[in-house]
Amino acid sequence: MYLSSLPDEIQKSNTCSGVRQYECLWRNSKGHIDTILFEETPCFRSLECLLFVNSYSDKRCGKCQAELRNFRKIMLRKEERIDKNASAESAKVLNKFLSPEELKEKAERLRKSKRQEKKRADRLKERLEKNKIKLDEYSHNDLLQIFMENQHKLTPEQRQFWEAQVNALKVKNKKNIHWDPVMIRLALHWQHQLGNTGYDSLRKFISLPCTRRLYDYSHVYKSKEGCQEEFLRDVKKLVEKSGTEKHFKYVNLMFDEMHIRSGLVISRSTGELIGYTNLSEVEVVLKRLTDKDAGVSANYRPSLAKKVLVYLAKGITSSVSDVVAVYTTDDSLLASQLYSRTWEVVYFLECADIHVLSLTFDGAPTNIKFIQMHGKYNEHDAFLYATNNLAAEEKRPIYFIVDPPHLLKTCRNCLANSFCHKKCRKLWKNGEEMSWEVFVQIYEFSKTMKFCDTKPTKAHIKLTSFSCMKVIYAVQIFSASVANFLEKYKTHETFQKYQINELVKFIRLMNRFFDCMNAKVSNKGSSKKKSSDTLPYSNVNDERFHFLTGEFLQYFDDWEEDVKKRLGFTKKEKQRMNLSHQFLHAIRITVHSFVSAIRFMINIGATEVNGQDFNQDLLEQYFSTMRAAGGANNNPGERQVHLTRAKIHAIGQQGVTTTKGNTLVQKRDCSLDSSPLPALKRTRK
């Protein structure tokens, strides 16, 4: 009876058609692909598909309809992400490199953003006008009483700020307000970040020193080229304040160049013409001889300054961090000029009883030539990575360190040009080729996945003049998540044509190398799981030292041997199978100097040493702060550089705090310095 009526019931019902769209998402979703016999195209069905629907108006069951809605959401998010990445990438490209269509799109996007911001501001103003309440005397007294009763809940910084506001309100004449040094530094910091207009707007809401008063503190030192005793005196006080132990005196001296705007200005205070490069008498004579040999007129004329060479001293175990010297240069800084300026700074620091342990810089050719101008500290060393500190009273080394983030970018760029981009390299190791096309396939493959271990963007894969300089992109390429992804999907048909094993090993080695070089004090309250490689160093026999000088460097030695033994290739072709010789030379110098410097600090009594103190992040953040001081004019001139340097020096370490940029943001202590600040003495007329 029931079996005979089954065909009629089936005929009355309508078959669920499943999901026929978004085929690229089927494989990574929970369900099954149904191949229908009488139709050419397959369909995707939910695991709970009912197969039949009662109504002829319904094409699919509720479960498959839910899967279709989910697929639509995934594709919509994917399209939004692609549009966002494309707009973000074009927003960072200079207008002169954009096509007319891209310029129109960018202009329309900016107009739309401006309209949205204006509407948001109008809504906020309307809400403020609608909801504002004018307090009467009783409400004012009640709020004041409530605040007074809960003062014990305030942090020391909040209490100090509140007391300064209360004291300022009690004084009838604002000229008689005595401002605490903490408030002076805080006001200087806000003025530096907001500008004079923003600072004046802030003064309408809270009591702060006037800009004329702040001028006396920010201009107490007249910053000029070279080393100045006033700045070194303050740095020495910070070193002495850190402690009496010997290891607090040691600093890492980092230097780099920053582009500035060329031009001549006259100093109003001294009448001096500012904007030329300053060479010593010996350098002027050498310049004349060089020009004479080149057939140029021997009459030397100083060139306009196009860059500034900045030296920053960072305490290895102390909290010292300040610029100690600034020099102007042109486009062609010579290694001999760098040598004389660097040792001049070292001599000034040593005379101030501040010991220089290491020099950190990027891998520019001038810096490498600068290293080669020195002799070995130990004649038995295989290569030069340290030299004798000629400015020290006792025999002590100075270690050369090439900035690890720069090394990581250089390594990533070599890998990116392997069988891709410029195609100037064909990396080969242990019988396997390392191709950048693997990362391109990761990008394409991960776009179709809802959940993925790694999600590279177009900026990671398609390197431009901007993205190739971003450290975070290189770090994320050489990450454990990328290595785990390749090991998981190496048997997938997408990656079967590539050789993966040696590439995974290379990624893991570079990932651990950067973790070891970036070791820092861990936050005890942090919930994130940290690798043991990122913890600070406290033992001269740390296992990470053996990894860096052993397994890590041996990997590159074996790589060179493998390439040398490969037959049937010319010398030039073999060079393309390996990383650049500049990178290999710099990585060996850095590893040996890094390990030796940390062991030196532990041997003289340091309990913990952070590897992060030996990179250039602080100097990069200083440059970012200096450019931001000009607002829209982010290309300062020489005069602006000196003025901003004096203001940042008065503010202290809080003046260099940045929340974004091409560096790892460091969470510094927010407590401000309460030590007295020197000020200009006003002359009464």
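The numbers here are math on the coordinates, done by the rules we state, and not lab data. Given the structure is predicted, the values throughout are model-derived calculations rather than measurements. When we count neighbours, we look across all protein chains shown, and the Cβ atoms used for this are built from the backbone with ideal geometry, even at glycine.
Taking the Cβ-Cβ separation of Thr366 and Glu240 as r and a Förster radius of 30 Å, what is the calculated FRET efficiency to the nearest 0.05?
Details: r = 35 Å, r/R0 = 1.16.
Efficiency, from the Cβ-Cβ distance: 0.30.
Taking every DSSP beta bridge with both residues inside the chain, roughly what % is antiparallel (nearest 5)? Spell out each step's value before the answer.
Values: 34 of 44 bridges.
Antiparallel bridges: around 75 percent, rounded to the nearest 5.
Could you work out how much longer the chain between Ile472 and Lys455 gets when fully extended? Use 0.36 nm per residue separation minus the Cα distance between them, nm to one decimal. Write out the running numbers ahead of the final one.
On the way: separation 17, 0.36 × 17 = 6.12 nm, distance 1.36 nm.
Answer, rounded to one decimal: 4.8 nm.
Across all directions of projection, what mean area in square nanometres is found for the Cα convex hull of the range 393-490?
On the way: hull surface 38.0 nm².
Result: 9.5 nm².
Across the Cα atoms of the range 325-436, what radius of gyration and what greatest pairwise Cα-Cα distance (Dmax) are found, in Å?
Just the Cα atoms of the range 325-436 yield Rg and Dmax of 18.4, 56 Å.
Ranking request for peptides 126-139, 246-259, 326-339, 276-289: highest mean number of other beta-carbon atoms within 10 Å first, then the rest in descending order. Provide the component values of the computation, followed by the final result.
Values: 126-139: 8.1, 246-259: 21.3, 326-339: 17.6, 276-289: 14.1.
Averaged packing, sorted descending, gives the order 246-259, 326-339, 276-289, 126-139.
Give me the angle, in degrees from 0 to 90, between the Cα long axis of helix 581-603 and the longest principal axis of the Cα atoms of the chain, rounded to the nearest 10.
60
Considering only C-alpha atoms, what is the centroid distance from the range 446-485 to the range 555-588, in Å?
Comparing the Cα centres of the range 446-485 and the range 555-588, I get a distance of 26 Å.
Under a straight-distance cross-link criterion of Cα-Cα below 27 Å, which lysines are reachable from Lys175, leaving out those fewer than 8 residues away in the same chain?
Hits, sequence-local ones excluded: Lys204, Lys222, Lys647, Lys681, Lys685.
Give the calculated FRET efficiency between Lys574 and Ser336 to the nearest 0.05, with a Förster radius of 30 Å applied to their Cβ-Cβ distance.
On the way: r = 34 Å, r/R0 = 1.14.
Efficiency at R0 = 30 Å is approximately 0.30.
Do you know the Lys pair count in the range 236-368 for C-alpha distances under 12 Å, with sequence separation 8 or more or different chains? Working shown, then result.
Numbers: Lys236/Lys249; Lys237/Lys249; Lys241/Lys249; Lys249/Lys314.
Going through the range 236-368 pair by pair, I get 4.
How far is the Cα center of the range 96-169 from the Cα center of the range 228-295, in Å?
Between the Cα centres of the range 96-169 and the range 228-295 lies a distance of 41 Å.
For helix 437-447, report the angle its Cα long axis makes with the longest principal axis of the Cα atoms of the chain; keep it between 0 and 90° and round to the nearest 10°.
60
Give, in nm to one decimal, the length gained when the segment between Leu110 and Lys462 is fully stretched (0.36 nm per residue of separation minus the Cα-Cα distance).
Gain on extension, Leu110 to Lys462, equals 124.3 nm.
Which cross-chain or sequence-distant (5 or more) residues have an amide H under 5 Å from the amide H of Thr328, H modelled 1.01 Å from N in plane?
It is Asn278, Leu309, by chain and number.
Mind checking the angle between helix 281-293 and the chain's longest principal axis? C-alpha axes, 0 to 90 degrees, to the nearest 10.
60
Report ³J(HN,Hα) in whole Hz for each residue of the range 323-334, in order, from the Karplus equation J = 6.51 cos²θ - 1.76 cosθ + 1.60 where θ = phi - 60°; Gly and Pro get x.
6, 10, 6, 9, 10, 8, 9, 9, 5, 10, 6, 8
Compute the Rg/Rh shape ratio of the chain: radius of gyration over Kirkwood radius, all on alpha-carbon atoms. Mind showing how you got there, number by number?
Numbers: Rg = 31.9 Å, Rh = 30.5 Å.
Radius of gyration over Kirkwood radius for the chain works out to 1.05.
Please give the length that would be gained between Glu561 and Phe383 if that part of the chain were fully extended, namely 0.36 nm times their separation in residues minus their C-alpha to C-alpha distance (nm, one decimal).
62.2 nm
Quick check on packing: order 586-592, 462-468 by the mean number of other C-beta atoms within 10 Å, highest mean leading.
Values: 586-592: 22.6, 462-468: 15.1.
With the highest mean Cβ count within 10 Å placed first, the list reads 586-592, 462-468.
Would you mind putting 111-122, 68-79 in packing order, based on average other-beta-carbon counts within 10 Å, highest first?
Values: 111-122: 10.0, 68-79: 13.8.
Packing order, densest peptide first, comes out as 68-79, 111-122.
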